[in-house]
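The values are calculated or read from the model by the stated rules, or taken from the named source; none is laboratory data. Everything numeric here is computed off the predicted structure, so don't read it as measured data. Cβ: placed from backbone, ideal geometry, glycine included. Neighbour counts: every protein chain shown.
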């Protein structure tokens, strides 16, 4: 019988799943670079034919390419971090 992890076990399981995804470490790195995701996504855009505008200069690469996928995930990480910081600030402001 398989059980679903809870509490800190669930957090550890989620973290280990993230570490198995090769995009996650790169996305966290890119999220730490000010403006990093935005600079990558400004270059790696979807062409009309569904290819990446930057990568397809050398090879036909479908969009989102690997770098665009990493940058999109980095933007999500940045947004999530911002929400957490704002929530913490709100709690501090209200003395909670």
Report, by residue number, each residue of the stretch 12-28 that is loosely packed, with under 13 Cβ neighbours inside 10 Å and either within 13 Å of residue 69 (Cα to Cα) or modelled with pLDDT of 95 or more (or both). 21, 22, 25
Could you list, in sequence order, the residues of the stretch 39-65 that are in a helix (DSSP H, G or I) and either exposed (fewer than 10 other Cβ atoms within 10 Å of the Cβ) or out of contact with any helix residue (DSSP H, G or I) (no Cβ under 8 Å at 6 or more places or on another chain) (or both)? 39, 42, 43, 56, 57
Scan (1) modelled with pLDDT under 95; (2) in a loop (DSSP other than H, G, I, E, B) for the single condition residue 9 breaks and write down its number. (2)
